Structure formats: C-alpha cells, structure tokens
Amino acid sequence: MADARAAPSALIHVAAGAVSDQSGRILIAKRPDAAHQGGLWEFPGGKLEPGEPPSDGLARELNEELGIRIRGWRPLIRIEHDYGDRRVLLDVYRINAYSGVPIGREGQPLAWVAPDRMDPARFPAADRPIINALRLPSLYLITGDDPADTEGFVARLGRALDAGIRLVQLRAHGLSDDDYRRLARRLQPLCHACGARLVFNRDLDVVRDLPCDGLHLASALLRRLRERPCPATRLVGASCHSADELRIAEELELDYAILSPVEATLSHPGASALGWSGFADLVAMARLPVYALGGLGPAQQHQCFAHGGQGIAGIRGFWPT
C-alpha cells in the first residue's frame, strides 16, 4: 500500500533585498492579492533560476522589478521557512548603493519605511526575522570591568557610545541587585541621549519593573523558560552555545541570539571554539539574527557577515580601557 503521507514540498530558493535610502528607510513592495501571501508587504526580490547564485539573481530581480542596478551590498540574513503548502529559503542582502530610481515596474505598490515602524503582522512570516535584523546594529557592546567604579564605568560607556555603539548589554554580575538597579537607572539616559538601546542581563525579578529597552537571557535561564518573558515592545535576546539553544530561542520568539565562543578567549580558556566554519553551520539552521562572540572585535564584522551573522558582540574588543 502506498504511503498516504504527503511528500514534503520542494524548497523554493528566493533572493531578496533590503534597499535603503540615505535616511535609513527600507523599500518594501506589496504582493498581489492573488499571489501566495497576497496583500502582504515584502522585501523586493524573487525566485532564483536553477544554478543561479543568490547575488546574481537578486541583481536580476531588482532590475526587472524596480529598474535599479545594485552597486553595493552585503549578506544580511538567511531564513528557511515552512508555510505548510510550500517551503522557502530566503537569501537576504542589505543594499547600500544602487543606480536608478526605484519604481514598481510590475504595477506593485512601493513604500519607504523605517525598520522600527514596520508592522511584522503585515509581512509574511518568513520576513519577520528580516525586520529584526534590520532593527539591530552590527556591533553589540557587552559592558566590561569595574562596574563598582560608577564614574569610571559611565565614562567608559560614554566613550563607546561616542564611537558609534548603539546596542549595550549591562553585564555586571559582581554587583548586588540594588547596585545593579542603581547603575541601570544611571546608564539608560546616557544611552538614550545617543540613540542607543540598553538591555539588562539580570534575574528577571530584579529588573522586571525597571524601564528598559530589553532583556538578555543567560543560556541557563533560556533553558528554563516556556514563553517569551516580556512583550514584543522590548528587545529580548539570549546567549547560546549549541543548535539546541538556538532552537529554544526561536521557539520563544526571541529577537536575536549571541553564539559563542567563535574563537578562544582569555576568560574561558578551556572552552572549545566553534571557529567561523562551526559558527556558519549553526547560523545556517537558525531563524533569527545571530551575533558572533568570543575573541572578536569590530574589525571582524565583515567576516561575520560572510558567515551569516548579524554582527559582532564583544567585551574586551569593545570596552574602552
């Protein structure tokens, strides 16, 4: 008797582009009502031809759909998603230079929208991690030594913010709960004055009532949770060291993960490093933006992009001395 189970649908490989303007807005297009996921907004692009490299297919699709020629781009994120009736693999690139003026050459409505103003509910489910990736910077500072020296700590953070850091994790495990809360209240206005976000790495009961931009979960806490610990209005990420922990982060619908260690570190000399190849293998299975951590600095962010990462997270490589 023949197996009555439905055969898995073929994987549809798509290249998509996040085309940005000088103000940081991203170009989106509306899908035809009769199409799969019709009526929703998407990032322009299309299905690849057999054997076609994603970057070549994207260049072709954006010229056909929008009448532009891309001049500068980098990988942003790769997402595989199963809609039930079809499976898609999205190779998404951030387009930072192009020639021509984008127009809907196929009659599709277009709009320029800042990532923070995008409503994920108005996009196909596969596109929602792309919105997270667009909202996140490529460099992520984890605070370093001596949080008990409040003035010196504040001064070092100020120098990092002046250098362009826009996402900060307050990691100060040596402080008491009360001192952590006092320091958090001191740092948040400093971050906001520079347009940066501050996330707390602390037991949830300690920081739950503090005004903050988000939470970062240690891997042990990640494994204990059964649901996302706060609403989508706050950023939530987690430290991960394995495919299993990345899967848990996805199931909890977190906004990002930090994967480590990519290279050997002084703080964890006995830990087995993933290397860039191991990092890329794990990221390829993930469906959320993933930062690389461990023995890395800002100069390696383009290497991270090439291996599928969101960017570099770091302590020693980012924290001013």
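Quick notes
- Screening residue 174 with (1) closer than 29 Å to residue 205 by Cβ; (2) of a type in the set (Gly, Ala, Ser); (3) open to solvent by less than 70 Å² (accessible area, probe 1.4 Å) gives one miss only, at (3).
- On the stretch given as the stretch 16-32, residues that are charged (D, E, K, R) and within 22 Å of residue 48 (Cα to Cα) total 2.
- Whichever residue in the stretch 278-293 is open to solvent by 50 Å² or more (accessible area, probe 1.4 Å) and touching a residue at least 12 places away in the same chain (Cβ under 8 Å) and, among such residues, is nearest to residue 125 (Cα to Cα): 287
- Scanning the stretch 218-241 for residues that are among the hydroxyl-bearing types (Ser, Thr, Tyr), in contact with a strand residue (DSSP E or B) (Cβ under 9 Å, 6 or more places away or on another chain) and not in a helix (DSSP H, G or I) turns up just one, 239.
- Among the residues of the stretch 24-49, the ones that are farther than 18 Å from residue 86 by Cα and more than 20 Å from the chain's Cα centre (by Cα) come to 2 in all.
- Residues (without any contact (Cβ under 8 Å) to a residue 60 or more places away in the chain and among the aliphatic types (A, V, I, L, M)) located in the stretch 30-75: 34, 35, 48, 58, 59, 62, 66, 68, 70
- If you go through the stretch 122-155 and pick out every residue that is part of a loop (DSSP other than H, G, I, E, B) and either among the acidic types (Asp, Glu) or farther than 22 Å from residue 173 by Cα (or both), you end up with 8.
- Pairs with Cβ under 8 Å, 6+ apart, first in the stretch 117-134 and farther than 18 Å from residue 283 by Cβ, second assigned to a helix (DSSP H, G or I) and of a type in the set (Asp, Glu): 120/127
For every residue, the table says whether it meets (1) at pLDDT 95 or above; (2) under 25 Å from residue 125 (Cβ atoms); (3) hydroxyl-bearing (Ser, Thr, Tyr); (4) in a loop (DSSP other than H, G, I, E, B).
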residue	(1), (2), (3), (4)
182	yes, no, no, no
244	yes, yes, no, no
257	yes, yes, no, no
263	no, no, no, yes
269	no, no, no, yes
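- Answer residue from the stretch 295-321, given it is among the β-branched types (Val, Ile, Thr) and closer than 17 Å to residue 264 by Cα and is modelled with the highest pLDDT among those: 312
- Of residues in the stretch 90-105 being out of contact with any helix residue (DSSP H, G or I) (no Cβ under 9 Å at 6 or more places or on another chain) and open to solvent by less than 50 Å² (accessible area, probe 1.4 Å), the one nearest to residue 283 (Cα to Cα): 97
- Put simply, of 296, 210, 215 the only residue that is in a strand (DSSP E or B) and open to solvent by less than 30 Å² (accessible area, probe 1.4 Å) is 215.
- Number of the exception - residue 161 against (1) under 15 Å from residue 314 (Cα atoms); (2) in contact (Cβ under 8 Å) with a residue 60 or more places away in the chain; (3) of a type outside the set (Ser, Thr, Tyr); (4) part of a helix (DSSP H, G or I): (2)
- Sole exception among (1) touching a residue at least 60 places away in the same chain (Cβ under 8 Å); (2) open to solvent by 10 Å² or more (accessible area, probe 1.4 Å); (3) over 20 Å from the mean Cα position of the chain (by Cα); (4) under 30 Å from residue 306 (Cβ atoms) for residue 156, by number: (4)
The values are calculated or read from the model by the stated rules, or taken from the named source; none is laboratory data. These numbers come from a predicted model, not from an experiment. Backbone-built Cβ (ideal geometry, glycine too); neighbour counts: all protein chains shown. For accessibility, only protein heavy atoms count, side chains too; no ligands or nucleic acids. Shrake-Rupley method; radii C 1.70, N 1.55, O 1.52, S 1.80 Å.
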